[in-house]
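The values are calculated or read from the model by the stated rules, or taken from the named source; none is laboratory data. Note that the structure is a prediction, hence the values are computed from the model and not measured. Every residue, glycine among them, receives a Cβ derived from its backbone with ideal geometry; neighbour counts consider all protein chains shown.
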Amino acid sequence: MMRLPYFRYLAPRTVREAADLLAANPSDAMLVAGGTDVLPNMKRRQQVPGTLVGLRQVAELKGITNGDGLRIGAGITLTELVRHLQIPGPYAALRQAAVQVATPHLRNMGTLGGNLCLDTRCYYYDQNYEWRKAINFCMKKDGKTCWVATSSPKCLAVSSTDTAPALLALGATVTLVSAENTRDIALADLYRNDGIHYLTRLPTEILTAIDVPRLDGWRSTYWKLRRRGSFDFPVLSVAAALKLAPDGSVEAARIVLGAVASQPVEASAAAASLVGGRLTDGAIAHASELAAVPARPMDNTDFTLAWRKNVTPDFVTYALRELRGDDVSKLRLSVARQMV
Amino acid sequence: MQFKTGVKRDGTITGVHLKTLLDGGAYGSYGVASMFYTGALQTLTYHIPTYHFQGCRVFTNKPPCGPKRGHGTPQGRFGQEIQMDKIAEKLAIDPAELRLRIVEKPDTLTANYLQVSTTGLAECIRRVVAASDWKNRFRKLPRGSGLGLACSSYMSGAGLPIYYNDMPHSGVQLKLDRSGGVAAFFGTSDIGQGSDDVLVGCVAEILGIDPMDIRPVTGDTDLTPVDLGSYSSRVTLMMGNAAIQAAERAREFLAEAVSRKLEVPKGRLVFADRRVFDAEDPDKGVSFSEAVCLAEAIFGTLGTTGSYKPPKSTARYKGSGVGLSPTYSYTAAVVEVAVDESTGWIQVPRVWIAHDIGRALNPTLARGQVEGDVYMALGEALMEEQAFRRLPERLSHTLVHKFPSILEYKIPTTLDMPEVFTELVENPDPRGPFGAKEVGQGPLLPVMPAVANAVYDAIGVRIDEVPITPDKIFKALQAKAAGKSARYGPAHFPDVPWPETLQVPPPWEGGDGKAINAPPRPSKELTSKSHAPEVVRS
């Protein structure tokens with residue numbers, strides 16, 4: 001049985017207090033919100049912080065405000081987020097992504113901020129200590145080799161967050177607060193294509209809020225590939241957002257792929273190919289082929305990598321057809337095993 | 001594994017040759033027994049006049065393994081039932097019709113000397129064919145949707161104990177008290193299947209009392225007689241028969257006492273509604289508790305025992321102890337699949353399954369077992385896999401289990417479960433308690449091959465291995481599009497230096513269950529001498 005290592009738990013009540021605690025223990029402390037990611041990782045000794053700074057009691061992180069857009073506190077649970085986004089609208093992709101994270105129990109605990117900062121995943125990393133030790137560890141923790149591709153100079157662990165591709169498609173920004181500084185950055189700038197240093201967040205910074213701009217005239221959707229209707233992390237996901245003119249032509253488009261690299265990947269060429277034209281079958285097929293080009297799945301998660309690459313255009317097609325207004329409910333039920 | 005089946009034009013089987021390799025990891029465990037099961041239970045469903053089995057248990061540097069639901073038989077059943085589908089297509093006979101023509105007859109000794117007592121397989125096939133509207137839908141659904149059919153059989157309890165001895169396999173003690181209650185001591189462990197309820201029901205039925213009048217004490221060898229355990233689908237049949245014997249002995253005491261009191265012949269007494277009464281004059285009777293008091297006054301404290309030992313087999317060849325059972329259950333299943341031809345994505349929307357249980361002692365529990373089987377089988381059919389990877393030689397050369405965790409070892413969730421339509425076929429078996437046969441494992445077996453056969457019906461490709469995953473379907477579709485074999489599965493069976501096969505003439509060729517070419521066994525004396533440790537005296 002895997003047990004948690006000993007650690008000190010601090011329970012600040014304000015962001016300021018939490019930031020000070022992080023600043024006081026820069027090399028030793030980690031943040032914990034819902035704990036659905038960091039606690040299992042600690043049991044497997046992937047992370048062994050001496051101090052956990054808990055964000056559960058920080059009330060400032062728990063608000064959602066509508067105004068000019070949507071401002072979401074990072075401490076909102078995924079269940080609360082889904083409940084808030086019940087009304088259909090331009091933010092549909094975010095609701096669809098959030099409602100497909102893990103299981104109801106884990107969504108009750110896990111937060112939006114936590115899902116955005118989710119550790120990257122890999123068959124050779126998400127294992128217990130003894131297993132990892134038996135292969136002399138991997139590059140991401142305690143070792144030197146990337147076992148997925150042994151000649152790779154960098155870690156290839158997969159970005160497995162559902163909500164990040166959706167929020168990227170919606171053009172979100174995030175707020176990072178440290179004891180000295182507060183900064184707002186585009187969500188895209190939070191990520192790096194490196195399985196180890198996958199976030200640009202400093203160890204002393206707290207992700208406090210997510211801002212989604214007002215998106216009049218936009219529509220969005222999220223499609224997730226996983227083996228089962230629950231539990232599983234994405235092994236491919238497609239978030240797409242479009243702004244359509246009254247005549248049906250595309251004014252603006254964003255397509256983001258998840259779980260195909262160590263960070264969410266924007267398929268900008270595919271999105272650009274749609275702008276100015278209508279969503280004809282041909283245009284969708286062309287964009288789908290372009291979207292699959294930057295996908296670089298590796299052999300470190302469920303299903304074979306060749307197949308995941310092969311079906312990428314199909315999933316982009318599903319998303320674009322849905323945004324065009326096609327009835328994709330049967331397809332959705334088949335892929336997601338539920339209506340989302 | 002490799003199947004070779006001889007058939008006539010009308011579908012009659014002339015012979016089957018099965019070769020299997022079993023990768024059991026680095027430890028012996030149940031390996032040899034599991035391998036024998038693969039061979040033994042293939043002969044039960046259809047009449048097979050000649051049968052040749054060769055099995056090899058391979059040791060590899062993989063983790064230890066053990067048997068699971070179906071113990072060694074899902075593998076062979078998968079191969080046989082897919083091959084039946086291929087045979088039916090080649091002979092242009094409907095797969096359901098083909099199977100109906102060749103089902104094994106009741107009261108038959110198979111080629112490998114297993115005693116078929118009753119079989120409701122034909123009825124099972126008819127039921128799933130009707131329920132699924134097979135005749136109007138098989139080969140007629142739109143492309144991408146398909147139906148597949150498969151059958152199976154499983155034993156109702158292993159005929160031999162794990163450690164050889166002549167004692168009973170199950171035992172029961174009953175203690176009757178003056179208040180009309182019965183304490184029942186069973187050695188069985190209810191592992192969630194509901195066996196306590198079934199056993200209490202058997203006693204209550206014989207004594208004509210309510211199950212709530214019975215206080216079961218189970219699974220504690222300080223208090224109860226020995227039972228061999230909850231495995232091999234044996235509990236209802238073996239413990240049920242023992243419970244019935246103990247209850248019948250108790251009823252005998254009560255009937256004697258009530259007969260004397262009421263001056264009614266014993267044979268006319270009825271035990272029902274917590275009373276013992278005259279069948280010809282139901283008002284004339286005593287309550288069950290009075291009956292106990294009357295009997296106790298005559299015989300003293302009342303207690304009885306019952307036990308069960310399976311009938312002996314005539315087979316005397318090496319390996320013939322595996323697969324023996326008092327009787328066998330039968331199952332037929334039709335599975336519907338929906339396959340996306342662009343991605344290979346597979347979904348199972350519906351399963352129809354009919355199970356010959358002999359008699360369902362508790363239909364709710366029995367259905368629960370059948371549906372649990374379907375669930376577990378779909379995991380095997382679509383997801384479950386232990387994948388290994390050899391790390392590069394220059395760096396490690398270690399063989400690693402790719403995902404030794406339950407998060408990555410996929411089994412279906414409730415969202416992945418199809419609609420399941422369950423039918424219980426009741427054809428009481430004289431060897432079962434009130435006619436009951438097993439239900440715990442048999443219904444799992446036909447589901448995996450039925451999924452594979454349905455995939456073929458849907459898109460015309462054969463996936464000859466489990467799990468049947470979207471990526472394998474995708475590859476088979478690509479091969480088909482490229483004009484290659486529209487099949488995914490092992491390409492050949494490796495060469496194995498087999499020892500000489502034991503030849504056992506089947507019953508219809510005058511066989512007596514012995515091998516005609518068995519090598520002589522070394523005498524016991526020689527064996528014990530060669531292993532005796534040397535004693536050194538000083």
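Taking residues in the stretch A:125-144 that are more than 11 Å from chain B (Cβ to nearest Cβ) and at positive phi, and partners anywhere that are outside any loop (DSSP other than H, G, I, E, B) and surrounded by 15 or more Cβ atoms within 10 Å (Cβ to Cβ), the pairs with Cβ atoms closer than 8 Å and at least 6 places apart or on different chains are A:142/A:132.
Within the stretch A:320-340, the set of residues being touching a residue at least 12 places away in the same chain (Cβ under 8 Å), part of a helix (DSSP H, G or I) and within 9 Å of another protein chain (Cβ to nearest Cβ) comprises A:331, A:335, A:336. Within the stretch B:35-52, being over 18 Å from residue B:444 (Cα atoms) and part of a loop (DSSP other than H, G, I, E, B) holds for B:47, B:48, B:49, B:50.
Can you spot a residue in the stretch A:295-312 that is more than 15 Å from residue B:343 (Cβ to Cβ), crowded, with 22+ Cβ neighbours inside 10 Å, touching a strand residue (DSSP E or B) at 6+ places or on another chain (Cβ under 6 Å) and within 13 Å of another protein chain (Cβ to nearest Cβ)? Within the stretch A:295-312, one or more residues are more than 15 Å from residue B:343 (Cβ to Cβ), crowded, with 22+ Cβ neighbours inside 10 Å, touching a strand residue (DSSP E or B) at 6+ places or on another chain (Cβ under 6 Å) and within 13 Å of another protein chain (Cβ to nearest Cβ). Looking at the stretch A:53-64, can you tell me whether even one residue there is surrounded by 14 or more Cβ atoms within 10 Å (Cβ to Cβ) and more than 22 Å from residue A:79 (Cβ to Cβ)? Yes, that holds for at least one residue.
Yes/no per residue for (1) over 23 Å from residue B:366 (Cβ atoms); (2) surrounded by 20 or more Cβ atoms within 10 Å (Cβ to Cβ); (3) at pLDDT 95 or above:
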{"residue": "B:397", "(1), (2), (3)": "yes, no, no"}
{"residue": "B:404", "(1), (2), (3)": "yes, no, no"}
{"residue": "B:409", "(1), (2), (3)": "yes, no, no"}
{"residue": "B:416", "(1), (2), (3)": "yes, yes, yes"}
{"residue": "B:419", "(1), (2), (3)": "no, no, yes"}
{"residue": "B:422", "(1), (2), (3)": "no, yes, yes"}
{"residue": "B:425", "(1), (2), (3)": "no, yes, yes"}
{"residue": "B:428", "(1), (2), (3)": "no, no, yes"}
{"residue": "B:437", "(1), (2), (3)": "no, yes, yes"}
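Considering the stretch B:394-408, the residues that are more than 7 Å from chain A (Cβ to nearest Cβ), over 23 Å from residue B:379 (Cβ atoms) and free of Cβ contacts under 8 Å to residues at least 12 places away in the same chain include one that is nearest to the chain's Cα centre (by Cα), namely B:397.
Going by the structure shown, is residue B:377 over 21 Å from residue B:473 (Cα atoms) and either out of contact with any Ser or Thr (no Cβ under 7 Å at 6 or more places or on another chain) or assigned to a strand (DSSP E or B) (or both)? Against the criterion (over 21 Å from residue B:473 (Cα atoms) and either out of contact with any Ser or Thr (no Cβ under 7 Å at 6 or more places or on another chain) or assigned to a strand (DSSP E or B) (or both)), residue B:377 does not qualify.
Out of the residues in the stretch A:162-193 that are surrounded by 15 or more Cβ atoms within 10 Å (Cβ to Cβ) and small (Gly, Ala, Ser), state the one that is farthest from residue A:268 (Cα to Cα). Ranking the candidates gives A:179 first. Scanning the stretch A:1-34 for residues that are more than 11 Å from residue A:178 (Cα to Cα), surrounded by 14 or more Cβ atoms within 10 Å (Cβ to Cβ) and in contact with a helix residue (DSSP H, G or I) (Cβ under 8 Å, 6 or more places away or on another chain) yields A:7, A:10, A:12, A:29, A:30, A:31, A:32, A:33, A:34.
Within the stretch B:194-230, being more than 14 Å from residue B:244 (Cβ to Cβ), surrounded by fewer than 21 Cβ atoms within 10 Å (Cβ to Cβ) and touching a residue at least 40 places away in the same chain (Cβ under 8 Å) holds for B:194, B:197, B:210, B:213, B:224, B:225, B:226, B:229, B:230. With the condition kept exactly as written, say whether any residue in the stretch B:35-53 is surrounded by fewer than 16 Cβ atoms within 10 Å (Cβ to Cβ) and among the aromatic types (Phe, Trp, Tyr). No, because not a single residue in the stretch B:35-53 is surrounded by fewer than 16 Cβ atoms within 10 Å (Cβ to Cβ) and among the aromatic types (Phe, Trp, Tyr). In the set (1) more than 13 Å from chain B (Cβ to nearest Cβ); (2) among the aliphatic types (A, V, I, L, M); (3) under 23 Å from residue A:98 (Cβ atoms), residue A:236 fails one condition alone, (1). Beta carbons closer than 7 Å, at least 6 apart along the sequence or on distinct chains, pair a first residue in the stretch A:298-319 that is over 16 Å from residue B:346 (Cα atoms) with a second that is among the aromatic types (Phe, Trp, Tyr) for A:300/A:123; A:300/A:124; A:301/A:123; A:318/A:223; A:319/A:223. Against the test of being closer than 30 Å to residue B:325 by Cα and assigned to a strand (DSSP E or B), the options B:55, B:79 yield a single qualifying residue, B:55.
Checking each residue in the stretch B:87-139 for being out of contact with any Leu (no Cβ under 8 Å at 6 or more places or on another chain), over 16 Å from residue B:7 (Cα atoms) and without any contact (Cβ under 8 Å) to a residue 60 or more places away in the chain picks out B:105, B:106, B:107, B:130, B:133, B:135, B:136. In this structure, residue B:334 does not qualify as touching a residue at least 60 places away in the same chain (Cβ under 8 Å), within 14 Å of chain A (Cβ to nearest Cβ), part of a strand (DSSP E or B) and not charged (D, E, K, R). Taking the stretch A:16-108 as the region of interest, the helices (runs of 4 or more DSSP H) fully inside it that hold 2 or more residues being more than 15 Å from the chain's Cα centre (by Cα) are A:38-43, A:78-84. Might you let me know whether the stretch A:86-101 holds any residue that is within 13 Å of residue A:174 (Cβ to Cβ) and basic (Lys, Arg)? No - not one qualifying residue is present in the stretch A:86-101. Within the stretch B:352-374, being closer than 12 Å to residue B:444 by Cα and in a strand (DSSP E or B) holds for B:353, B:354, B:355.
If you filter the stretch A:149-161 down to residues that are farther than 16 Å from residue A:100 by Cβ and in contact with a Lys or Arg (Cβ under 6 Å, 6 or more places away or on another chain), you find that the one that is surrounded by the most Cβ atoms within 10 Å (Cβ to Cβ) is A:157. Of the residues making up the stretch B:409-427, those that are more than 8 Å from chain A (Cβ to nearest Cβ), touching a helix residue (DSSP H, G or I) at 6+ places or on another chain (Cβ under 8 Å) and not in a loop (DSSP other than H, G, I, E, B) number 6.
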